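Chemist: One structure coming up, written as structure tokens, with questions to follow.
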Ligand code: NPQ
Ligand code: MG
């Protein structure tokens, strides 16, 4: 059992190495909430860390960083304070205890991750061992934003391939799709290539989207809106490119629905989007049972979550390279020792817990506001 004493929520703002443009925004910095849980376990004090994937604005999903901070303080922590009184709090029970709070999966995921990190650190157990993962490294892919021109896109892609990335993902949107994809495919005939639309199209665009079938893509990710499962199934009927869902899959149940409806041949699993690593593992099981491939997506994580994503991607059903890039893809300076790409792979961490203790100076330099919340006393 774990007893949380207090939690510190930090709003962290990390400049990006280059603007990252998708169909829903152009970002020059990553604002996220870092969660620090100070707890006692087995009479010992232990600290766990997690990060909330919500963006500063609700443009990728309905959650946003300031809202996640508020819901954590007002609704999530009071519930954990309540249940830990009878000594039944563990990382494995956080999800069910927070179930009565509807939605807010990214906020819940950050809290569950911090409690799990504390629990595993107290036990001296690496996350990979906890998951039963034996792989010591996972293939690394990279997400390439929308660029100002096709020559600029070709330069950027060539740079990532030179760094060793094994798979290229191109962000697309209406007006930036067939031509850039063709240019990259013609420049790199054998490179594993996929596209991500972040829900920028509708079924009206299906004839246009079918033109992407000519480029031997691994998959097309989330072409249609989050709730459009039937439409994704209809589009999958007319495209040869495998349909992959991201925003639409928020739980094991929604994964099962999408698979049953023929809306997903592949699933992008993001621990933050689905409420945490434990639900992510359940989605892995659902997909594997259905013969559906999965890969680990990215939310521009800092070192507080990037290593744990690599461990998750070590599970057997993760058969495609994930968006688990080197820290340098987005950050000149990370909160922990940066993750580096080695011969196209990211190493699965061997340290206890989900992440290293963040560097105090980096954390202080990137923290724009913080709130300490007492739990044991509340
Ligand atoms: C995706 N991730 O697969 C998301 C989109 C995303 C790596 O493409 C700040 C700025 C945070 C942009 C989180 C990737 C973001 C972001 C996620 C984009 O759909
Ligand atoms: Mg995506």
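The values are calculated or read from the model by the stated rules, or taken from the named source; none is laboratory data. Keep in mind that what you see is a predicted model, and the values were worked out from it rather than measured. So basically every Cβ, Gly included, is an ideal-geometry build from the backbone, and we count neighbours across all protein chains shown.
Chemist: Check residue 159 against each of (1) farther than 27 Å from residue 292 by Cβ; (2) surrounded by 15 or more Cβ atoms within 10 Å (Cβ to Cβ); (3) within 26 Å of the chain's Cα centre (by Cα) and name the one condition it does not meet.
Modeler: For residue 159, the failing item is (2).
Chemist: Mind listing whichever residues of the range 150-175 are away from ligand 2 (no atom under 16 Å from the Cβ) and within 20 Å of residue 212 (Cβ to Cβ)? So that I can check it myself, show each step before the final result.
Modeler: Initially, the range 150-175 is screened for residues away from ligand 2 (no atom under 16 Å from the Cβ), giving 150-166, 174-175.
Listed by number, the residues that qualify are 150, 153, 154, 156, 157, 174, 175.
Chemist: Hey, another quick one. Give the residue, chosen from 68, 54, that is within 14 Å of residue 272 (Cβ to Cβ) and within 16 Å of ligand 2 (Cβ to nearest atom). Give the derivation first.
Modeler: Values: 68 fails: within 16 Å of ligand 2 (Cβ to nearest atom).
Just one listed residue meets the conditions, 54.
Chemist: Another one. Can you tell me which residue in the range 307-332 is farthest from ligand 2 (Cβ to nearest atom), limited to those that are out of contact with any helix residue (DSSP H, G or I) (no Cβ under 6 Å at 6 or more places or on another chain) and without any contact (Cβ under 8 Å) to a residue 40 or more places away in the chain?
Modeler: 316
Chemist: Let me ask something additional. Here's a check for you: in the range 124-150, which residue that is loosely packed, with under 15 Cβ neighbours inside 10 Å and within 30 Å of residue 1 (Cβ to Cβ) is farthest from the chain's Cα centre (by Cα)? Before the answer, list the steps.
Modeler: Applying the first criterion (loosely packed, with under 15 Cβ neighbours inside 10 Å) to the range 124-150 yields 124-125, 132, 134, 136, 148-149.
Cutting the leftovers down to within 30 Å of residue 1 (Cβ to Cβ) gives us 124-125, 132, 134.
On the way: 124: 25, 125: 22, 132: 20, 134: 21 Å.
Out of the qualifying residues, it is 124.
Chemist: Then there is this: Which residues, counting only those in the range 321-330, are in a loop (DSSP other than H, G, I, E, B) and either crowded, with 22+ Cβ neighbours inside 10 Å or at pLDDT below 95 (or both)?
Modeler: First pass over the range 321-330, keeping only residues in a loop (DSSP other than H, G, I, E, B): 321, 323-326, 330.
321, 323, 324, 325, 330 - these are the residues of the range 321-330 that are in a loop (DSSP other than H, G, I, E, B) and either crowded, with 22+ Cβ neighbours inside 10 Å or at pLDDT below 95 (or both).
Chemist: I'd like the full set of residues that are away from ligand 2 (no atom under 16 Å from the Cβ) and farther than 17 Å from residue 257 by Cα, limited to the range 210-246.
Modeler: Correct list: 210, 211, 213, 214, 215, 216, 238, 239, 240.
Chemist: Residue 53: at pLDDT below 95 and either closer than 23 Å to residue 357 by Cβ or buried (at least 20 other Cβ atoms within 10 Å of the Cβ) (or both), yes or no? Break it down stepwise before answering.
Modeler: Values: at pLDDT below 95: no; either closer than 23 Å to residue 357 by Cβ or buried (at least 20 other Cβ atoms within 10 Å of the Cβ) (or both): yes.
Against the criterion (at pLDDT below 95 and either closer than 23 Å to residue 357 by Cβ or buried (at least 20 other Cβ atoms within 10 Å of the Cβ) (or both)), residue 53 does not qualify.
Chemist: Another one. For the range 265-275, indicate whether the set of residues that are away from ligand 2 (no atom under 16 Å from the Cβ) and surrounded by 20 or more Cβ atoms within 10 Å (Cβ to Cβ) is non-empty.
Modeler: First pass over the range 265-275, keeping only residues away from ligand 2 (no atom under 16 Å from the Cβ): 275.
Narrowing further to those that are surrounded by 20 or more Cβ atoms within 10 Å (Cβ to Cβ): 275.
Yes, because at least one residue in the range 265-275 is away from ligand 2 (no atom under 16 Å from the Cβ) and surrounded by 20 or more Cβ atoms within 10 Å (Cβ to Cβ).
Chemist: Taking the conditions exactly as written (assigned to a helix (DSSP H, G or I), surrounded by 20 or more Cβ atoms within 10 Å (Cβ to Cβ) and either modelled with pLDDT of 95 or more or within 15 Å of ligand 2 (Cβ to nearest atom) (or both)), does residue 195 satisfy them or not? So that I can check it myself, show each step before the final result.
Modeler: On the way: assigned to a helix (DSSP H, G or I): no; surrounded by 20 or more Cβ atoms within 10 Å (Cβ to Cβ): yes; either modelled with pLDDT of 95 or more or within 15 Å of ligand 2 (Cβ to nearest atom) (or both): yes.
No: the conditions fail for residue 195.
Chemist: Any residue at all in the range 77-97 that's within 16 Å of ligand 2 (Cβ to nearest atom) and touching a helix residue (DSSP H, G or I) at 6+ places or on another chain (Cβ under 9 Å)? Quick ask: steps written out before the conclusion?
Modeler: The first filter runs over the range 77-97 and keeps only residues within 16 Å of ligand 2 (Cβ to nearest atom), leaving none.
Taking every residue of the range 77-97 in turn, none turns out to be within 16 Å of ligand 2 (Cβ to nearest atom) and touching a helix residue (DSSP H, G or I) at 6+ places or on another chain (Cβ under 9 Å).
Chemist: Related question: All but one of (1) more than 16 Å from ligand 1 (Cβ to nearest atom); (2) more than 24 Å from residue 119 (Cα to Cα) hold for residue 350; state the number of the condition that does not hold.
Modeler: Result: residue 350 passes all but (2).
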